[in-house]
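Nothing in this text is a laboratory measurement; each read-out follows from the coordinates by a stated rule. These numbers come from a predicted model, not from an experiment. Backbone-built Cβ (ideal geometry, glycine too); neighbour counts: all protein chains shown.
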Amino acid sequence: VQLVESGGGLVQAGGSLRLSCAASGSTFSGNAMAWYRQAPGKQRELVAYISITGGYTNYADSVKGRFTISRDNAKSTVYLQMNSLKPEDTAVYYCKRYGPPDYWGQGTQVTVSS
């Protein structure tokens, strides 16, 4: 299983980014997915979760109302739309496929300047 994130970059506060995570090597539609992030010196934290069908989503309190997770099972891709970005959103963002076993992508850097 391979997960490849893309869409990160440098953006000003208040801006938007859309992250993508493309999965290959195994069935995508049978697994829940999530986005995590890790800022320098901090633990990796859950940002958003989406169920197998996409019918259930859950968000960290810090991103509720600003971020939206979605998935396209036909494209084996999960997305994270990030709006109203803040400097504290700066981190490496990882996608995760729930198993067992769990799989992680390599991460994509998001930097929000003030």
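Computed on the chain, with alpha-carbon pairs under 8 angstrom and 6+ residues apart, the relative contact order is 36 percent. In this label model, residue 98 and residue 111 are separated by 3.4 nm, measuring between points 7 Å along each Cα→Cβ vector.
Scalar couplings 3J(HN,Hα) for the range 108-114, obtained by applying the Karplus form with A = 6.51, B = -1.76, C = 1.60 to θ = phi - 60°, are 9, 7, 10, 10, 10, 8, 8 Hz; x denotes Gly and Pro.
Annotation: amide H-H contacts under 5 Å for residue 15 (H modelled 1.01 Å from N, sequence separation of 5 or more, or interchain): 85. Computed extension gain for residue 44 through residue 88, at 0.36 nm per residue and net of the alpha carbon distance, reaches 14.5 nm.
Pairs of Lys residues in the chain are counted when their Cα atoms are under 21 angstrom apart and they lie 8 or more places apart or on different chains; the count is 6. Computed from the Cα positions only, the extents of the range 64-114 along the three principal axes stand at 38, 20, 18 Å, in decreasing order. Report the calculated FRET efficiency for residue 57 and residue 4 (r = Cβ-Cβ distance, R0 = 30 Å), to the nearest 0.05. Efficiency at R0 = 30 Å is approximately 0.85.
Name the shape class, rounded, prolate or oblate, that the alpha-carbon gyration tensor gives for the range 14-56, where a ≥ b ≥ c are the square roots of its eigenvalues, rounded holds for a/c under 1.5, and otherwise prolate holds if a/b is larger than b/c and oblate otherwise. It is prolate, given that a/c is not under 1.5 and a/b is the larger ratio. In a simple Cβ point-charge model (Lys, Arg +1; Asp, Glu -1; nothing else charged), the chain has a dipole of about 60 debye relative to its Cα centre.
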